[in-house]
């Protein structure tokens, strides 16, 4: 029997829903997507899903209006999983050919989440861009993830051991996370991708109360030893301490 299933949120939310979607493809479920992710249609196409309904919001007010409009008694929230059973987006050709281990890094939250945090004067999810240059090392390759407009401002130069991963289709970028031996990230969907793939993941996390965030995306992975976090109230003042903890984490797994 088909079900009417709501997919609400951004990349991290959708990643945790993929195991259920993959396991139930034969049931012809109908999916209703309400998201702030501009590349959502491409992401779902990558896993063979065409949503019955897909609408993008840019504010909490828009989100609530859309949810009110499509509210139906038979719609259920998509069940989540902690880990992937299979790699969801296929395997991309290796970026590096020098046999060194790979550290991935992603420094920003979504445009929507950052706008909400700014509106309510919350601690921002974004990490200072200087973390990238601090992580450059001859001991490993560095794979930098992000939107083109974000990374263009940093003026990074690709090299033998530094690669930039930025595609319009988020699934294409996410696929490269599986080439990483360790991942360092902000509180974004990319750290969920690495954690769900059981890649050792170090997260720079705003030090404020957010029970849904911690209960769904942080604590389960920390408890399993897949993830560790550095909590900050002022990321610039605490940057040195964060870098020290980050490098210790990387050394432990490489």
For residue 240, only one of the following conditions fails: (1) modelled with pLDDT of 95 or more; (2) over 20 Å from the mean Cα position of the chain (by Cα); (3) outside any helix (DSSP H, G or I). What is its number? (3)
Looking at the range 180-190, is at least one residue surrounded by fewer than 19 Cβ atoms within 10 Å (Cβ to Cβ) and out of contact with any strand residue (DSSP E or B) (no Cβ under 9 Å at 6 or more places or on another chain)? no
Scan of the range 25-44 for residues that are surrounded by 15 or more Cβ atoms within 10 Å (Cβ to Cβ), out of contact with any strand residue (DSSP E or B) (no Cβ under 9 Å at 6 or more places or on another chain) and outside any helix (DSSP H, G or I), ordered by number: 39
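Condition check: under 21 Å from residue 215 (Cβ atoms), part of a loop (DSSP other than H, G, I, E, B) and touching a helix residue (DSSP H, G or I) at 6+ places or on another chain (Cβ under 8 Å). Does residue 89 satisfy that? Lay out the reasoning, then the answer.
Working: under 21 Å from residue 215 (Cβ atoms): no; part of a loop (DSSP other than H, G, I, E, B): yes; touching a helix residue (DSSP H, G or I) at 6+ places or on another chain (Cβ under 8 Å): yes.
Answer is no for this residue.
For the range 204-237, how many residues meet the condition of being under 28 Å from residue 139 (Cα atoms) and over 20 Å from the mean Cα position of the chain (by Cα)?
Taking the range 204-237 as the starting set, the residues that turn out to be under 28 Å from residue 139 (Cα atoms) are 204-205, 221-222, 224-232, 235-237.
Narrowing the set further to residues that are over 20 Å from the mean Cα position of the chain (by Cα) leaves 236-237.
Residues flagged as under 28 Å from residue 139 (Cα atoms) and over 20 Å from the mean Cα position of the chain (by Cα) within the range 204-237 amount to 2.
The values are calculated or read from the model by the stated rules, or taken from the named source; none is laboratory data. Note that the coordinates shown come from a computational prediction; the quantities given were computed from them, not determined experimentally. Methodologically, a virtual Cβ is constructed for each residue, glycine included, from the backbone with ideal geometry; neighbour enumeration extends over all protein chains shown.
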